[in-house]
Structures are given as structure tokens and as C-alpha cells.
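One structure is given here, and the rest of the page talks about it.
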Amino acid sequence: MREQIREYVLNLLADIASADTQLVLLLILVVTALIVVDAISAFARNKRKEAGISAKSGTVSIDGSKTLPVKKYVSEMQGLAGVPDAIISENGFIIPVERKPLARKIRDRYVAQLLVYMRLVEEFEGKRPPYGYLILGPNCRRFKIENTPERQAWLQKMIDEMREILAGAASKPAPHPVKCKKCSVRESCAHRIQPALVTVNAKQAAGTKNVN
């Protein structure tokens, strides 16, 4: 439709090139307005794509938007807070969306973050979201994360452990073999894995069955 309007206006400009100056200026303004509207629409489409929002979903909030600013949830009751990258309306539910532009795969911490958002949405929007979306990488791959009781129980276990540590309980470090080996502060860390164990555990983590 926009292309047809643009073509019509340009043809009209050619037909009245010698017409009244004010009319010509008015038509130029119309063409400029169409270009601006088209640019704004393209920007909005890109923002929706970055946030993983499909054309069928209604946008409630999105990071970077002035008209639909992000929603900040702070729950004193749950002791949780969060700011989803986007909130959409889909199938009658308010759905949180989290964008990880540099991520190559789903990680537990991404899922945990999204599960927290789903708890906050349930409290503040009054309806439990059945799922949320993770958007990964520069190609905006979208993954639906189901809001199951099992996942929420897993999240609650982590939250309880963190609160116990804040209350004075001893923490239980679990260094990753490969990351520990490359860590820049491993020499100062009391929980570092010894070199021999790093080699063995790294092979096990990679799925190697034969360990020399």
C-alpha cells in the first residue's frame, strides 16, 4: 500500500511540475512525511524482530521504545526484581521475553532469569504465564521456555540456597573444569581445581571416554 501511494504521489508531482508553488511544496511535504513514516515503521519492525516478537503478538513493552517503555517489576513479597527486555500479549497471556544477543546456546542462568520474570508477571499482571521466550544470538533464534512446576521448583531451590548464603551459611563453590583452567585469578583462588584434575574433568566434560 505504501509503495502504491508513493508511486501515485511521484506521478502527480511530475504532472503538476509547473503548477502553483505552494501546491508543489505541499506535495513535497507529503512525500517527506511518507518517507519518515516508512523509516519509523522499519525501525519498529527491527525492534520487534530483535525482541523475538512475531507479527501475531501484541507488544506491551520493549527495551529501547519511548512509546512502550520497559516494565520494571519489584516484588517485596517475593524478594525478587526484574526488567524483561520485552513483554508481549499472546494467546490471552502476558509473556516475558529475554534477549541474549551474544549467546550461542541456552544456559541455565538464562532459563532461571526468565523463570523469575514469569513469577513477577504472575504477581503483577494477575495471571500465570504458561511460557516465556529466550531470543539468542545475532540471528534472533527464538526458544519457548515452558513455565512448569518442575522448573519453578528448580528455581526455588537455587533461590533458597542463595538466601541461606546471605544469612551466613557456607557457600559451596563448584568451579567448571575448563573455565577454572583459563581463569585469570585461579592462582589466588582457594577453590581452584588442581591441573591434573582439570585435565581429567575437562575430558569427561567433553564426553571423552578414554583418560590417560
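Details
Here's the yes/no breakdown for (1) under 12 Å from the mean Cα position of the chain (by Cα); (2) buried (at least 17 other Cβ atoms within 10 Å of the Cβ):
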| residue | (1), (2) |
| --- | --- |
| PRO84 | yes, yes |
| GLY92 | no, no |
| ALA103 | yes, no |
| VAL116 | no, yes |
| GLY137 | yes, no |
| ARG142 | yes, no |
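- Checking ARG163, ARG142 one by one, the residue that is outside any helix (DSSP H, G or I) and modelled with pLDDT under 95 is ARG142 and no other.
- Any chance GLU146 is out of contact with any Pro (no Cβ under 8 Å at 6 or more places or on another chain) and either surrounded by 10 or more Cβ atoms within 10 Å (Cβ to Cβ) or farther than 30 Å from GLN194 by Cα (or both): no
- The residues of segment 179-191 that are under 30 Å from the mean Cα position of the chain (by Cα) and surrounded by 14 or more Cβ atoms within 10 Å (Cβ to Cβ), listed by number, are CYS180, CYS183.
Conditions (1) at pLDDT 95 or above; (2) of a type in the set (Gly, Ala, Ser); (3) assigned to a helix (DSSP H, G or I); (4) not assigned by TED's automatic domain parsing to the domain that holds ARG151, marked per residue:
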residue: VAL70; (1), (2), (3), (4): no, no, no, no
residue: VAL74; (1), (2), (3), (4): yes, no, no, no
residue: ALA81; (1), (2), (3), (4): yes, yes, no, no
residue: GLN113; (1), (2), (3), (4): yes, no, yes, no
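The values are calculated or read from the model by the stated rules, or taken from the named source; none is laboratory data. This one's a predicted model, so the numbers in the text were calculated from it and none came from an experiment. A quick note on method: Cβ atoms are made from the backbone with ideal geometry, for glycine too, and the neighbour counts reach across all protein chains shown.
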